[in-house]
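Quick notes on the structure that follows.
The values are calculated or read from the model by the stated rules, or taken from the named source; none is laboratory data. Fair warning: this is a prediction, and the values are worked out from it, not measured in the lab. Don't worry about glycine lacking a Cβ; one is built from the backbone with ideal geometry, like all the others, and counts go over all protein chains shown.
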Amino acid sequence: MDRVKITVLVVFLGLLYAYLSVGIIGIGAAIAIPSEIIDVTMKSYPIFTFAVIDLITIGLPLIIVYLLFAVLIRYLNMSKSYVPYIALLLPFFGLNIYFFSMLSPQDWEYTLGTIILRHFAIIACAIYFIKWSIRHEKPNKCI
């Protein structure tokens, strides 16, 4: 596929990823965790406990969905360009910046403490997949 078609497809996949992330975050936030599991660390490190739970219940599904879209892009992208992989994440982070700007000031400490770990994990997995995908380029088949 040529670069314009890939870019248009990646923009639509990025918007779909942002749309799916709202549902994933909503379902992940609604998962009930028994208090016996989190009581051990909750008294000493409440924000860390919520950050780990947030990473497990929301971050891992978001990473899995990103990797599925990135694998699809890898098979369509013949060049060694990393731009489509980054463009896939831009709508998601734009949406999260918009949601973060709507928060009241007293919620920033908790929100930053919990979602930063999730975003760092998504960025780290994206960078790893980008480097791996560029290093292991799909061979062009000459027919």
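A single member of 2, 54 is over 21 Å from residue 114 (Cβ atoms) and among the charged types (D, E, K, R), and it is 2. Residues that are surrounded by 13 or more Cβ atoms within 10 Å (Cβ to Cβ) and under 23 Å from residue 55 (Cα atoms) within the stretch 69-93 comprise 69, 70, 85, 86, 87, 88, 89, 90, 91, 92, 93, listed in sequence order. Only one entry of 33, 127, 134 meets the criterion of being surrounded by 11 or more Cβ atoms within 10 Å (Cβ to Cβ), hydrophobic (A, V, I, L, M, F, W, C) and not in a helix (DSSP H, G or I), and that entry is 33. Does residue 67 fit the bill of being at pLDDT 90 or above and part of a helix (DSSP H, G or I)? Yes: the conditions hold for residue 67. When 98, 85 are screened for being within 30 Å of residue 3 (Cβ to Cβ) and either in contact (Cβ under 8 Å) with a residue 24 or more places away in the chain or in contact with a Lys or Arg (Cβ under 7 Å, 6 or more places away or on another chain) (or both), only 85 passes.
Please indicate, with yes or no, whether at least one residue in the stretch 40-51 is exposed (fewer than 13 other Cβ atoms within 10 Å of the Cβ) and among the small types (Gly, Ala, Ser). Yes, some residue in the stretch 40-51 is exposed (fewer than 13 other Cβ atoms within 10 Å of the Cβ) and among the small types (Gly, Ala, Ser). All told, residue 99 meets the bar of being of a type outside the set (Lys, Arg) and under 18 Å from residue 18 (Cβ atoms).
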